[in-house]
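This report concerns only the one structure given below.
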Amino acid sequence: MLNKFYNKKYILILLVIIAFIVAAVFSVVNARKKSEGVKFVIGMSQANLTEPWRIAMDKEIEGEAKKYKDLKVIYKDGGGSAEKQKGDINELLNSGVDLLIVSINDSKELQAVVSKAYKEIPVIVLDRAIEGCNYTLYIGPDNKLIGKKAGEVVAKLVGNKKANVIEVQGVLDSAPSLERSQGFRAVIKTHPNIKIEDTVIGEWQRDEVEDDMKVLLKDNKDVDVIFAQNDYMALGAYKAVQSDQLDNVKIVGVDGLSGENGGLDLVSKGTLQATFTCSTGGKEAVIYAMKILNKSGYVPKKVILKSEEITKGNVYR
């Protein structure tokens with residue numbers, strides 16, 4: 001009985017100590033906020049910063065956040081690791097951020113920690129949703145529709161001729177990859193003259209696609225069109241076909257980013273025949289975050305971003 005009493009006593013003391021530590025952390029955070037003239041702190045957990053599209057997302061958030069003098073954003077890079085991103089989110093929560101923006105590396109792996117965050121603060125999820133409704137707002141593209149549009153462009157490019165297509169997917173079994181592929185293949189199935197000859201899993205990376213495509217093209221040079229699920233991988237595919245001197249291969253990508261070797265630049269140069277804009281949602285995330293934090297204006301549960309087909313004819317209009 002005495003041991004049980006002491007165990008309970010020690011547990012109670014430990015809980016009191018933890019409570020004091022948490023209170024101290026929050027008081028430090030609040031004091032720092034006041035000293036910096038900051039009213040709100042947002043934590044941004046990014047899956048990785050190796051993909052240009054994700055780099056663009058952080059830059060978009062940064063640009064929009066500068067419009068609010070009383071707002072501070074803390075950025076974390078998950079480095080492509082679900083475990084690292086879990087740690088980043090917990091660190092942001094422990095630091096006392098007022099709202100979390102998260103662009104998820106792995107929906108299944110991060111579901112629990114995002115759900116935990118949602119119990120404490122508002123959460124905006126970008127790009128990849130999690131199962132259920134444990135978030136304040138989801139912002140992302142209609143990936144299946146993007147895939148369908150890509151299929152329609154490929155069909156236009158080849159007309160009635162027989163054509164072999166290689167599809168370059170992102171991460172195996174990730175929601176964006178699956179949805180873009182489903183939409184793409186649904187359209188291609190309606191065109192008996194078009195055959196999907198092979199599939200490359202490119203992990204959203206240019207160099208990986210370039211290497212894999214070079215190996216693939218050694219045994220199969222009968223390729224007419226390549227559809228890559230982002231422009232970064234499309235550039236890798238282009239480099240591979242150029243090194244093999246396959247000048248007649250047409251390439252279609254997705255993202256439509258600006259800047260050198262972004263989708264718009266690649267289309268204007270003729271490197272890609274087409275791409276599709278795929279907004280990062282960074283700007284919208286900050287706008288809705290401020291509505292949520294200030295408790296002003298309507299905030300939906302989901303915002304689906306529009307996508308536009310980009311060809312040489314409308315690339316800089």
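The values are calculated or read from the model by the stated rules, or taken from the named source; none is laboratory data. In this text the structure is predicted, and so the values were computed from the model without any measurement. Counting neighbours? That spans all protein chains shown, and the Cβs are built from the backbone with ideal geometry, glycine included. Areas reflect the complete protein model, heavy atoms only, side chains present, ligands, DNA and RNA absent. Shrake-Rupley method; radii C 1.70, N 1.55, O 1.52, S 1.80 Å.
Classify the range 148-273 as rounded, prolate or oblate, taking a ≥ b ≥ c as the square roots of the eigenvalues of its Cα gyration tensor: rounded when a/c is under 1.5, otherwise prolate if a/b is larger than b/c and oblate if not.
Details: a/c = 1.24, a/b = 1.12, b/c = 1.11.
It comes out rounded by the Cα gyration axes.
By the gyration tensor of its Cα atoms, with a ≥ b ≥ c the square roots of the eigenvalues, what is the shape of the range 147-214: rounded for a/c under 1.5, prolate for a/b over b/c, or oblate?
Values: a/c = 2.48, a/b = 1.48, b/c = 1.67.
Oblate is the answer for the range 147-214, as a/c is 1.5 or above yet b/c matches or exceeds a/b.
In nm, give the distance between the simple-model label positions of Tyr316 and Lys291, each being 7 Å from the Cα along the Cα-to-Cβ direction.
About 3.5 nm separates the two model spin labels.
For the chain, give the percent of accessible area contributed by carbon and sulfur heavy atoms, probe 1.4 Å, rounded to a whole number.
On the way: 8540 of 16080 Å².
After summing per-atom areas, the C and S share lands at 53 percent.
How large is the charge dipole for the chain, taken about the Cα centre, if only the Cβ atoms of Lys, Arg (+1) and Asp, Glu (-1) carry charge, to the nearest 20 debye? Show your work: numbers first, answer last.
Working: 45 positive and 42 negative charges, 305 e Å.
Its charge dipole is roughly 1460 debye.
Roughly how many nanometres apart are two label points built 7 Å out from the Cα toward the Cβ at Asn90 and Lys218?
A separation of 4.4 nm, rounded to one decimal place.
Would you mind getting me the FRET efficiency between Lys108 and Asn261? Use the beta-carbon distance for r and R0 = 25 Å, nearest 0.05.
Working: r = 32 Å, r/R0 = 1.29.
Using R0 = 25 Å, I get an efficiency of 0.20.
Enumerate the residues in the range 239-261 having an amide nitrogen under 20 Å from the point lying 7 Å beyond the Cα of Glu308 toward its Cβ.
So the set is 252-261.
As an exercise, identify the trypsin sites (Lys or Arg not before Pro) in the range 69-120 lying in DSSP coil whose Cβ has no more than 14 other Cβ atoms within 10 Å.
Lys69
Cα-Cα over 21 Å: which of Lys39/Lys295; Lys250/Lys312; Lys144/Lys312; Lys72/Lys295? Working shown, then result.
Values: Lys39/Lys295 14 Å; Lys250/Lys312 13 Å; Lys144/Lys312 24 Å; Lys72/Lys295 18 Å.
Over 21 Å apart, Cα to Cα: Lys144/Lys312.
DSSP H helices in the chain with Cα extent of 15 Å or more along the helix axis and mean Kyte-Doolittle hydropathy at least 0.0?
On the way: long enough: 2-36 (51 Å, 0.92); 52-65 (19 Å, -0.77); 82-94 (18 Å, -1.18); 107-120 (20 Å, -0.66); 143-158 (23 Å, 0.31); 175-188 (20 Å, -0.05); 206-219 (21 Å, -1.10); 231-243 (18 Å, 0.05); 282-294 (18 Å, 0.46).
The answer, listed by residue number, is 2-36, 143-158, 231-243, 282-294.
Run lengths n ≥ 4 of DSSP H only: what is the helix-derived mean residue ellipticity at 222 nm for the chain, with -39500 (n - 2.57) per run over all residues, to the nearest 500?
Numbers: 10 runs with 153 residues, N = 317.
The helix-only estimate for the chain comes to -16000 deg cm²/dmol at 222 nm.
So who's got an amide H within less than 5 Å of the one on Val200, skipping anything under 5 residues away but keeping other chains? H placed 1.01 Å off N, in plane.
Glu167, Val168, Gln169
Apply the a/c threshold of 1.5 to the C-alpha gyration tensor of the range 191-246 and tell me whether it is rounded, prolate or oblate. Each step should come with its number before you reach the end.
Working: a/c = 1.82, a/b = 1.26, b/c = 1.44.
Since a/c reaches 1.5 but b/c is at least a/b, the shape of the range 191-246 is classed as oblate.
Please give, to one decimal in nm, the separation of the simple spin-label points placed at Tyr298 and Glu62, each 7 Å out from Cα toward the Cβ.
It is 3.5 nm.
Considering only protein heavy atoms, what per residue accessible area in square angstrom results for the chain with a 1.4 angstrom probe? If you can, show how the numbers build up before the last one.
Numbers: 16080 Å² over 317 residues.
Value returned for the chain: 51 Å² of accessible area per residue.
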